[in-house]
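Shown next, in structure tokens, is the structure this report addresses.
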Amino acid sequence: MEIGVNVPNFGPGTDPGVLRSWARTVEGLGFDLLMVSDHVAITPDVAERYPAPFYEPFTTLSWLAGLTTRVRLGTTVLIAPYRHPLLTARMAANLDDLSGGRLVLGVGVGWARQEFAALGIPFERRGRLTDDHLRDLRAAWADTASYGHRRIPVWIGGTSDAGLRRAVRLGDAWHPLRCTMPWLREAAERLEAYADEQRLPVPALAPRIALHVTEAPVGGPRRLAGEGTIDQIMDDLDQLRLLGAEAVVLDPYHGDPRETCHPQTSRQALATVAAHLSPSRTRTEQS
């Protein structure tokens with residue numbers, strides 16, 4: 001099971017030097033993926049959660065590809081309706097080629113009504129537009145003469161029934177964001193049922209979970225996966241492995257943009273996880 005990190009590419013504390021340091025930290029600690037988010041127009045609804053500066057994912061990941069050598073690069077998640085699918089296909093294929101085949105394209109439908117309005121895209125049609133864009137992406141990449149020949153993994157975000165069905169029809173993996181473990185187990189069963197219903201393979205599981213290390217245990221039904229003591233977090237990762245997760249992305253951002261001014265706290269949490277992962281990974285490699 002690969003372990004990745006969602007790196008904040010936004011907020012008052014983020015600049016090129018901070019992004020460079022994030023890339024070196026993620027790769028240096030031995031994590032497998034470095035992923036960033038997507039917004040185009042920083043409208044008030046977006047700015048409340050993810051304020052400027054907001055570094056566009058394709059240009060940011062292209063730059064980070066030149067600063068790293070091993071770690072895979074991805075989006076969590078790219079808002080599909082915001083770009084013409086042929087443009088997305090071209091940029092993704094070029095980034096994948098330039099990075100040596102390291103791209104993972106996480107895709108979602110989006111949530112920011114004001115941003116959709118600013119871009120002139122009908123918010124109410126975002127699900128259907130995403131389906132159309134994903135089909136067009138696949139068709140474009142099938143043209144190997146123009147877009148290259150490697151199959152870029154596509155992870156489909158979304159926790160609704162429509163999102164799960166979309167992952168079955170059009171994704172290589174299902175990429176739910178910040179869920180509880182009981183909900184994720186139940187949703188994984190629904191995902192399998194939808195795949196059986198459509199007579200399609202069950203997509204891989206690749207969730208993005210919280211990363212919030214606490215000294216005291218966190219209890220209750222609303223505890224997010226990845227939230228609690230390091231023992232709780234490591235148990236969550238074990239449970240996700242048993243559930244068949246192909247990859248897990250750790251999200252150290254808790255929703256307060258001021259956190260981006262103090263990235264050392266998140267990096268320490270990642271270092272703690274990496275230290276606990278090393279023995280189990282060594283045993284796995286030896287076996």
- Query: Kirkwood hydrodynamic radius of segment 48-139 from all distinct Cα pairs, in Å?
  - Reply: 14.1
- Message: Let me check the size of segment 100-164 from its C-alpha atoms; what are the radius of gyration and Dmax in Å?
- Response: 13.9, 38
- In segment 181-279, which GluC sites (Glu not before Pro) fall in coil by DSSP and have 10 or fewer other Cβ atoms within 10 Å? Glu215
- Any number yet on Rg/Rh for the chain, C-alpha, Kirkwood? 0.94
- Query: Taking all protein chains as present, what is the carbon and sulfur share of the accessible area of segment 100-232, in % to the nearest whole number, probe 1.4 Å?
  - Reply: 51
- Item | In Å², nearest 10: area of His254 left accessible to a 1.4 Å probe | 80
- Gained length - His84 relative to Gln114, 0.36 nm times residue gap less alpha-carbon distance: 8.9 nm
- Task: Extending each Cα 7 Å along its Cβ direction at Met234 and Ala275, get the distance between those two points in nm, one decimal.
- Result: 1.1
- Solvent-accessible heavy-atom area per residue, rounded to whole Å², over segment 56-197 at 1.4 Å: 44
- Paired Rg and Dmax values of segment 1-115, which use every Cα atom, in angstrom: 13.7, 38
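Could you look at segment 1-44 and say what percent of its accessible area is carbon and sulfur, using a 1.4 Å probe and all protein chains? Let's see the in-between values first.
Working: 660 of 1310 Å².
Carbon and sulfur together cover 51 percent of it.
Restrict the search to segment 213-266; then list the trypsin sites (Lys or Arg not before Pro) that DSSP places in a loop and that have at most 15 other Cβ atoms within 10 Å of their Cβ.
Qualifying residues, ordered by number: Arg222.
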- Would you please name the trypsin sites (Lys or Arg not before Pro) within segment 9-103 that are DSSP coil residues with at most 12 other C-beta atoms within 10 Å of their C-beta? Arg70
- Residue of Asp32, Asp251, Asp132 that the Gaussian network model of the chain assigns the largest fluctuation, springs spanning Cα pairs under 10 Å: Asp132
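The values are calculated or read from the model by the stated rules, or taken from the named source; none is laboratory data. Predicted, not measured: the structure shown is a model, and the values here were computed from it. When we count neighbours, we look across all protein chains shown, and the Cβ atoms used for this are built from the backbone with ideal geometry, even at glycine. Accessible surface areas use protein heavy atoms only, side chains included; no ligands, DNA or RNA. Shrake-Rupley method; radii C 1.70, N 1.55, O 1.52, S 1.80 Å.
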